[in-house]
1. If you check Asn177 against the conditions, is it closer than 21 Å to Lys250 by Cβ, touching a Leu at 6+ places or on another chain (Cβ under 8 Å), in contact (Cβ under 8 Å) with a residue 24 or more places away in the chain and of a type in the set (S, T, N, Q)?
2. So which residues in segment 192-201 are out of contact with any Phe, Trp or Tyr (no Cβ under 7 Å at 6 or more places or on another chain) and either touching a residue at least 40 places away in the same chain (Cβ under 8 Å) or within 16 Å of the ligand (Cβ to nearest atom) (or both), if there are any at all?
3. Of everything in segment 238-266 that's of a type in the set (A, V, I, L, M, F, W, C) and touching a helix residue (DSSP H, G or I) at 6+ places or on another chain (Cβ under 6 Å), which residue is farthest from Ile142 (Cα to Cα)?
4. Which of the numbered conditions does Ser38 fail, given that it passes all the others? Conditions: (1) surrounded by 14 or more Cβ atoms within 10 Å (Cβ to Cβ); (2) of a type in the set (Gly, Ala, Ser); (3) near the ligand (Cβ under 8 Å from one of its atoms).
5. Could you list, in sequence order, all residues of segment 5-30 that are among the aliphatic types (A, V, I, L, M), surrounded by fewer than 15 Cβ atoms within 10 Å (Cβ to Cβ) and in contact (Cβ under 8 Å) with a residue 12 or more places away in the chain?
6. Output the residue which, of all residues in segment 256-315 that are acidic (Asp, Glu) and in a loop (DSSP other than H, G, I, E, B), is farthest from the chain's Cα centre (by Cα).
7. Any idea which of (1) away from the ligand (no atom under 14 Å from the Cβ); (2) assigned to a loop (DSSP other than H, G, I, E, B) is the one Val97 doesn't satisfy?
8. State which residue pairs qualify: first residue without any contact (Cβ under 8 Å) to a residue 40 or more places away in the chain and inside segment 41-59, second residue more than 11 Å from the ligand (Cβ to nearest atom) and part of a loop (DSSP other than H, G, I, E, B) in any location, beta carbons under 8 Å apart, and separation of 6 or more residues or different chains.
Amino acid sequence: MSRAMRIGVAGAGLIGRKHIELITVSPDCILAGIADPSSEAKAFAEACSIPWYADHRALLEQEAPDGLIVASPNALHLQMALDCVARGVPALVEKPVTDTVATAQRLVEAVRRTGVPVLVGHHRRHNPRIKAIRNKVAGGEIGQLTAVVGLWLLKKPDDYFDVAWRREAGGGPLLINLVHDIDNLRFICGEISEVQAMTSSKARGFAVEDTAGLLLKFANGAIGTVTLSDATPAPWSWELSSGENAAYPKQDQPCYLFAGTKGSLSVPTMEQWSYPGDAGWYAPLSRAAVDMPLADPLVEQLRHFLAVIAATEVPLISVEDAMGTLAVVEAVREAALSGTRVFPDRIMEQAA
Ligand SMILES: NC(=O)c1ccc[n+]([C@@H]2O[C@H](COP(=O)([O-])OP(=O)(O)OC[C@H]3O[C@@H](n4cnc5c(N)ncnc54)[C@H](O)[C@@H]3O)[C@@H](O)[C@H]2O)c1
């Protein structure tokens, strides 16, 4: 790249600070400024001598950045992304792309109309390990996919809930965390066609759920279950199992099991099980360690965003694709409320 690109960040909270850190150490971009009305963000900007704005539109107008990273609360994503698109500024919008499928559709239309690229921050898809697992499962190495197990069981620290929106509906593990796992499962196994679910808020007693159980049917016929809770000391989650983010002490435990007609795979422990000879429950089952690459997907995501701005790459995760992930999460919420089966495709069709 010929010159360092100037990247702005709207929302300098938990993930926004991580983006700021990565921009600061990258040789290919510099921080154009941050937009965040909080006094903490203002003090942070002053301490680091970074241009600070209370409003993202002021940052866009006065700094004219090459791209903006939207890392604000979910309900603000749509307007911030629309403001970028209206000014021809490519955006990296944190997941979930917006807070509802209907609002995501408005962004899909704006991107189609203007051609301004928007990349959605489902950053795990940039992990070479996730890409390799997808190639293995979709490439038929474990045969026809029959069943999938997903676990997201861990304990969020109590002070995480000091932020009000994290205690309210929409700020919990379905939209904030499950959305990552659903995106992984869609990417690895294909589209999810039907959803049943139950949620509970019994452990913490907040308006937002802390625990959920899902039953999924994939378009290819495979059946999946996902169990999640953010209120339990446990090692089974991508965060703690993958080693992707050094902030989480790594646990040597799986969080996904992929079962096929020829074998099965535990992830990210990367063990592949199969019968070397005749198959059947009396026969010896072999276990092979699968060597797969691992890299920091947030670093790769930033590299990709710069390439999207330079128009040398197209967004790996488009708004429309991320809307497909959001439709499944919305289906989970609807299924839990209604106690019925919900079809993500219908949610997408209703929004169109
Ligand atoms: N990719 C990931 O792994 C990942 C991880 C965490 C969060 N996220 C996503 O990032 C977003 C932010 O989450 P968080 O945990 O960092 O939240 P947070 O509450 O820690 O940070 C949000 C920040 O946005 C600021 N903000 C509020 N109103 C604003 C406005 N009008 N303009 C600009 N800034 C404003 C707040 O002051 C706060 O500093 C959410 O959409 C979340 O889903 C993604």
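1. Yes; evaluated as a whole, the condition is true for this residue.
2. Of everything in segment 192-201, those that are out of contact with any Phe, Trp or Tyr (no Cβ under 7 Å at 6 or more places or on another chain) and either touching a residue at least 40 places away in the same chain (Cβ under 8 Å) or within 16 Å of the ligand (Cβ to nearest atom) (or both) turn out to be Val195, Gln196, Ala197, Met198, Thr199.
3. Among those residues, the one meeting the criterion is Cys255.
4. Only one criterion in (1) surrounded by 14 or more Cβ atoms within 10 Å (Cβ to Cβ); (2) of a type in the set (Gly, Ala, Ser); (3) near the ligand (Cβ under 8 Å from one of its atoms) is unmet by Ser38, namely (1).
5. none
6. The qualifying residue farthest from the chain's Cα centre (by Cα) is Asp278.
7. All conditions are met except number (1).
8. Going by the 8 Å Cβ cut-off, the qualifying pairs are Phe44/Ile50; Ala45/Pro51.
The values are calculated or read from the model by the stated rules, or taken from the named source; none is laboratory data. Remember, it's a predicted structure, so these values are computed and weren't measured experimentally. Here the Cβ is made from the backbone with ideal geometry for all residues, glycine too, and neighbour counts use every protein chain on show.
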